[in-house]
Amino acid sequence: MQTTSLLIRKRIATLFFLFTIGFFILSGRLVWVQFVKGAELTEKAIQNRMRDIPVESKRGIIYDRNGNELAISVSADSVYVIPAELKRSGKEKEVAAQLAGILDMDEKELYEKITKNSSFVWIKRQIDPDKSQEIREKDLPGIGLTEESRRYYPKGKLASHILGISGIDNTGLEGIDQYYNELVGGTKGRIIIEHDAANRPIPEATHKYIAPVDGANLILTIDETIQYITERELDKVFKERNAKSAAAIVMDPNTGEILGMASRPTFDPNNYNDYPAGNRRNFAINDVYEPGSTMKITTASMALQENIINRDSHLFCPGRVKVGKESIGCSGDKAHGDQTFVEVVENSCNVGFVKIGLEVGLDTYYKYINDFGFGQLTGIDLPGEARGILVNKEKAMQIDLATMSMGQANAVTPIQLVTAVSVIANGGNLVKPHLAKQIIDNEGNILKQQETKIVRRIISTEVANELAGILEGVVSNGTGKNAYIEGYKVAGKTGTAQKVGPTGRYMDNEYVASFLGFAPADNPRLACIVVVDAPQGYPYYGGWVAAPPFREILRDSLRYLEVPVQDLPEEEKTINEQVVVPDVVNLPLAEAISTINNRGLQVKVSGTGNIVWQQNPKPQSKINRGAQVIISLSPFTGGEVNSEVTVPDLQGKSMKEVAKILSELGLHLLPEGYGLAYEQIPEAGKVITSGSSIKVKFQPVEE
């Protein structure tokens, strides 16, 4: 009896022990499920019974400064599938076959997509209206349509590099659409529907619609008309010169507002995948280049501000100048002789600017070059802006200072240069360039107003005004004559820079031609830069390649803005009744006519062909405005046989000297390279007919 009682107690203790262990196991499992995995399991449960369909918001409209639409959002249907609903119907293969035919998709891939183990799957986004209508009519199980929006650019290619592109998920990928994506993109909405275990909608359960919030609207500083003018002229020079790339910017120098900005090659943002990716690169802000003589504007400003030089200071140019072991020369080693500072600028004299730069000194030069914003971001509201490249000050030597002073060695962007010249135009202040004028919500409330931001003062108003007058002389009397605009005073500077090749050495046959300036010179309204990379043909100088489109852009833009034509004083009118005849020998016919007409002269064409080989009156003679210049033509293949000519020896002569000698003989120059002549075809002494062409190869002078 005692043994039986003990056995019972043991059994009870064992049972209690097992019960206790089981209790703790269940309690642990409960804690694990409820507290450790609770959030995850709750989310899975919700996903299992909830159907969450996204509703895209519409991106805000992008306007130009006058309210013209540049980028809008349009509606398009997108197809999705609820795999659980489709599987319950048992018609997966049938649905895949029908959808593949409508949407032009591979049936096997489509089947795999619609049978995924997921609560929601996109099939195809933003389809054509006729396809969405066909899908609605078929009423396929588990297949639904939801309205999305996509970007549409009503002006096509216009301002494409500014506007950028947007992706299929309604996100800005490039351009200003990307920069202001958070404001312009809006907030997505949702449709939430609760289903039971059999995947049927529960009538009285959760049905929630969370409305999307459309994006804010963006008003740009861009003027659609000025943008069109800028792109029109850039297209002309880009195509005519068969350039690698080109850029132009028009800016209000007083406020920093960008009125026009274009790059070439270009693309249509509505169909951007049809173009090479490189076409979307914005040369105006993304790429750097050695500017050449346009950079001399900053050298001149710092020298004037530091009282190192004044407009009447004299500098002597023997054609070349020694800096340490190196020698730097003017174009063609031309010796300008004794010049005033004004003439140094007008002639774009390298020797003069090297001497000025050496007087300025490294410390002062770097102070000003940094103040002007080179080597830094301007802060323009576009993604991908380049900083530029400056020679390391710690390693810079006198030869570096000499080359920097004349526009080589450092690399800059077009936006940096037009911002720098605006300092001269607005009286000495560096202003921040910008593209957004206002950001407004859908109720018209202003969310953000872009104000003019003066970064710093760099030079005095007196120095800025004096330099503006000197730069006006560049257009009136110097290398920038092709930028002259009848009725307006124009200030500017040409630039022709050799390109640096992949090996780090300057290339013999590729240049960057540019023109930088503003108008009216005495009360600037617009600043502009035109840059053409690797223009083909001769001449390739900035004064010939970039100045003409600069002139056309500013002339039409000033007229559009109704800037009054300036009345000249009576004494200036008298002086301007006589004009200097330009030298158009060896120029293409179209360029010759344009050059002569820009001087206020008439043209009479004699003969056939496409190259000028004679003109009357002679270059540099003075005649009355409105008088006629007769130009005679000779085709490349040779003109009429009028007389025999002995080919002269052109060895060692500059391109200008060769062109003059051949034109006087009635012969025609086909140049190759630059520098001094070292080879010619036909050779010297050969007798040929007048009107024939002479191929002359040039090479730089070796020190």
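The values are calculated or read from the model by the stated rules, or taken from the named source; none is laboratory data. Just so it is clear, the structure is predicted and the values come from calculations on it, not from any experiment. Reconstructed Cβ throughout: ideal geometry from the backbone, glycine too, with neighbour counts over all protein chains shown.
Things worth noting here:
- Within the range 452-473, the residues that satisfy the criterion of being part of a loop (DSSP other than H, G, I, E, B) and surrounded by fewer than 15 Cβ atoms within 10 Å (Cβ to Cβ) are 452, 453, 460.
- Test set (1) farther than 30 Å from residue 163 by Cα; (2) surrounded by 18 or more Cβ atoms within 10 Å (Cβ to Cβ) - residue 393 fails condition number: (2)
Yes or no, residue by residue, for (1) outside the structural domain of residue 210 (by TED's automatic domain parsing); (2) closer than 30 Å to residue 232 by Cβ; (3) assigned to a loop (DSSP other than H, G, I, E, B); (4) not aromatic (Phe, Trp, Tyr):
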site	(1), (2), (3), (4)
125	no, no, no, yes
146	no, no, no, yes
156	no, yes, yes, yes
162	no, yes, no, yes
183	no, no, no, yes
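- One residue from 597, 610 being modelled with pLDDT under 75 and not assigned by TED's automatic domain parsing to the domain that holds residue 499: 610
- Elements of the type helices (runs of 4 or more DSSP H) sitting completely within the range 15-114 and holding at least 1 residues that are modelled with pLDDT of 80 or more: these cover 83-89, 92-103, 107-114.
- Among residues of the range 224-248 that are closer than 21 Å to residue 259 by Cβ, those with a beta-carbon under 6 Å from a residue that is in a helix (DSSP H, G or I) and among the polar types (S, T, N, Q) at least six positions away or on a different chain give the pairs 226/557; 229/557; 248/230.
- The helices (runs of 4 or more DSSP H) found wholly in the range 362-451 and carrying at least 1 residues that are closer than 20 Å to residue 248 by Cβ occupy 414-425.
- Residue in the range 128-143 that is in the same structural domain as residue 75 (by TED's automatic domain parsing), under 21 Å from the mean Cα position of the chain (by Cα), of a type in the set (A, V, I, L, M) and part of a loop (DSSP other than H, G, I, E, B) present: no
- Those residues of the range 212-249 which are part of a loop (DSSP other than H, G, I, E, B) and under 25 Å from residue 178 (Cβ atoms), in sequence order: 212, 214, 215, 216, 221, 222, 223
- One residue stands out in the range 429-464 among those that are of a type in the set (Asp, Glu) and at pLDDT below 95: the one that is nearest to residue 182 (Cα to Cα), namely 441.
- If only residues of the range 614-658 that are more than 24 Å from residue 332 (Cβ to Cβ) and of a type in the set (D, E, K, R) are counted, the one that is modelled with the lowest pLDDT is 640.
- Any hit, the range 354-373, residues being within 30 Å of residue 221 (Cα to Cα) and out of contact with any helix residue (DSSP H, G or I) (no Cβ under 7 Å at 6 or more places or on another chain): yes
Conditions tested, residue by residue: (1) on the phi > 0 side of the Ramachandran plot; (2) assigned to a strand (DSSP E or B); (3) of a type in the set (D, E, K, R); (4) modelled with pLDDT under 90.
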position	(1), (2), (3), (4)
507	no, yes, no, yes
512	no, yes, no, no
515	no, yes, no, no
522	no, no, yes, no
527	no, yes, no, no
532	no, yes, no, no
537	yes, no, no, yes
